[in-house]
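Read the structure below first, then the notes.
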Amino acid sequence: MTLEEAKGYVLRRAREMGLEAELLFVENRELSLRAQGGRLEELKEARQGGVGLRVVAGGRVGYAYTEELSQEALDWALEEARENALLSAKEGRIPPGRPLGSHDLLGEGLSAPLEAKRQAALSLEKALREDPRVRAVLMGGYMEQEVRLALESTQGAQGAYRTGLAGLMGSFVMGEGESLKQGWDAQFGKEFHALDPGRTALELREKTARLLGARPLKTGRYRAYLEPKAMASLLMILAQAFSGKMAMEGKSRLLGRLGERIASELVTLIDDPTLEKGLLSRPFDAEGTPARPTVVVEKGVFKTFLHNSETARALGQENTGHARRSYRGPLGVGPSNLYLAPGGDLKLTDGVVITEFMGLHAGANPVSLDFSLQALGLWVEEGEVRHAVENFAVAGNLLELLQAVEGVGSDLDWVLMDAAYGSPTVAVAELSFAGA
């Protein structure tokens with residue numbers, strides 16, 4: 001069957017069986033190229049996709065999926081979802097929907113020939129070697145991802161979109177005397193032609209070179225300046241406290257605190273799936289709720305959790321359109337392009353610039369929001385960077401960190417993890433550093 005035939009067949013059969021049903025089709029194509037030693041070492045292209053069904057039978061919800069579009073596979077998946085619903089203790093419903101249209105958020109962004117992408121990986125790997133302090137280049141690479149998604153339900157939702165992104169990544173070792181530092185970073189965008197291997201290599205080298213000759217940092221409490229990617233990585237942990245699903249399960253420290261001040265008035269956090277060049281922008285969520293910007297924290301005041309229809313109903317709050325699921329999984333909640341709104345000029349005075357956190361998943365607790373993380377950084381005196389610092393950990397609580405924000409820069413940058421997280425440089429009055 002074609003996809004259109006499969007959608008029509010499943011929804012018709014669901015109605016005949018007296019079921020509410022929602023069909024989510026996702027197809028994902030990934031291309032990756034890795035260069036080392038002036039030659040292409042690896043080229044991989046993979047496609048994966050399927051149909052995920054969510055049905056409501058007897059007021060309870062069940063899931064199933066298939067990666068085939070044959071009538072037999074679709075019949076099996078529909079019956080499996082119905083049986084799972086009848087065995088489930090979880091109540092649910094498919095929300096009312098409407099036509100959402102078909103959207104192309106990618107256009108010709110990835111249309112360059114494969115040879116051009118191969119040259120991009122080779123050019124990045126070559127450019128990384130142009131600094132004499134580079135001892136070894138482990139990899140220069142290019143990757144792209146293209147996603148097609150279609151959604152339709154018995155309750156009226158119907159829409160589709162295509163999106164994707166491209167990126168350059170490099171891994172290398174720099175040395176100066178006995179000091180060695182491994183550099184790793186990636187830069188992503190919506191269009192292949194906007195990528196610049198030479199500029200990317202220069203930025204990666206400069207960010208790593210400034211960490212050479214690092215000295216141990218003494219234990220103490222210092223003013224901290226979190227660079228954009230360091231702060232953005234903390235937003236990934238913080239986002240879980242904003243999840244309506246975590247709140248529904250009683251696992252969010254923010255439960256019961258709507259309308260309260262939880263951060264400095266300099267902190268405004270927004271999730272915007274409508275950003276024109278947003279890495280993970282989308283026209284609607286996994287239930288067909290149209291996308292719109294959501295202000296989560298406004299000038300320090302907690303305004304809303306991120307909700308799908310299920311969590312919004314459970315907590316008696318508004319659905320913010322943040323349903324997320326793969327065709328293989330159940331309904332969840334997640335941001336798309338979550339960022340801390342830029343402020344004005346931020347000048348360094350005295351303290352520690354944190355350039356990178358390590359061990360984020362092991363060292364940060366998404367329930368308590370406590371963290372203790374190894375980090376790399378720079379020592380700042382009288383407004384100037386004096387030298388790099390290392391062998392230290394930073395500890396605290398993310399809510400306390402937000403409350404201690406005393407400056408927000410204008411240099412917004414993004415990291416791509418389970419969502420896109422963005423931040424400018426942030427100054428924090430004081431953090432606890434455990435070092436030498």
Taking the condition buried (at least 22 other Cβ atoms within 10 Å of the Cβ), under 25 Å from SER88 (Cα atoms), of a type in the set (Val, Ile, Thr) and touching a residue at least 12 places away in the same chain (Cβ under 8 Å), does VAL297 pass?
no
Are any residues in the range 115-137 exposed (fewer than 12 other Cβ atoms within 10 Å of the Cβ) and without any contact (Cβ under 8 Å) to a residue 60 or more places away in the chain, and if so, which ones?
GLU115, PRO132
State which residue is farthest from the chain's Cα centre (by Cα) when the search covers only the range 368-382 and only residues that are aliphatic (A, V, I, L, M) and within 26 Å of LYS347 (Cβ to Cβ).
VAL380
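Every residue, every condition in (1) surrounded by 16 or more Cβ atoms within 10 Å (Cβ to Cβ); (2) under 28 Å from GLU144 (Cα atoms), yes or no:
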| residue | (1), (2) |
| --- | --- |
| GLY8 | no, no |
| GLU16 | no, no |
| LEU19 | yes, no |
| PHE25 | yes, yes |
| ARG39 | no, yes |
| ALA46 | no, yes |
| VAL55 | yes, no |
Could you run through the range 393-436 and say how many residues are farther than 25 Å from VAL301 by Cβ, hydrophobic (A, V, I, L, M, F, W, C) and modelled with pLDDT of 95 or more?
7
Checked GLU276, GLU287, GLU265 against criteria (open to solvent by 20 Å² or more (accessible area, probe 1.4 Å), part of a loop (DSSP other than H, G, I, E, B), farther than 18 Å from TRP414 by Cβ and of a type in the set (Asp, Glu)); the one match is GLU265
I'd like to verify a number: residues in the range 132-189 that are assigned to a loop (DSSP other than H, G, I, E, B), at pLDDT below 95 and among the charged types (D, E, K, R), how many?
1
Criterion (among the basic types (Lys, Arg), surrounded by fewer than 17 Cβ atoms within 10 Å (Cβ to Cβ) and closer than 24 Å to GLY332 by Cβ) met by exactly one of ARG29, ARG12:
ARG29
Where the second residue is acidic (Asp, Glu) and open to solvent by 20 Å² or more (accessible area, probe 1.4 Å) and the first is under 16 Å from VAL428 (Cα atoms) and lies in the range 258-276, which pairs have Cβ atoms under 8 Å and are six or more apart or on separate chains?
SER264/GLU406; LEU266/GLU406; THR268/GLU298
Starting from the range 146-158, take each residue that is within 20 Å of ARG47 (Cβ to Cβ) and open to solvent by 40 Å² or more (accessible area, probe 1.4 Å) and list its partners that are in a strand (DSSP E or B) and of a type in the set (Val, Ile, Thr), counting only C-beta distances under 8 angstrom and pairs at least six apart or across chains.
ARG148/VAL26
For the subset of the range 410-436 comprising residues that are within 25 Å of LEU275 (Cβ to Cβ), more than 13 Å from the chain's Cα centre (by Cα) and polar (S, T, N, Q), which member is surrounded by the fewest Cβ atoms within 10 Å (Cβ to Cβ)?
SER410
GLY140 - would you say it is crowded, with 19+ Cβ neighbours inside 10 Å and either within 21 Å of the chain's Cα centre (by Cα) or more than 29 Å from PRO283 (Cβ to Cβ) (or both)?
yes
Scanning the range 164-185 for residues that are of a type outside the set (D, E, K, R) and open to solvent by 20 Å² or more (accessible area, probe 1.4 Å), which turns out nearest to LEU19 (Cα to Cα)?
MET169
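The values are calculated or read from the model by the stated rules, or taken from the named source; none is laboratory data. Note that the structure is predicted; figures quoted are calculated from it, not measured. Reconstructed Cβ throughout: ideal geometry from the backbone, glycine too, with neighbour counts over all protein chains shown. For accessibility, only protein heavy atoms count, side chains too; no ligands or nucleic acids. Shrake-Rupley method; radii C 1.70, N 1.55, O 1.52, S 1.80 Å.
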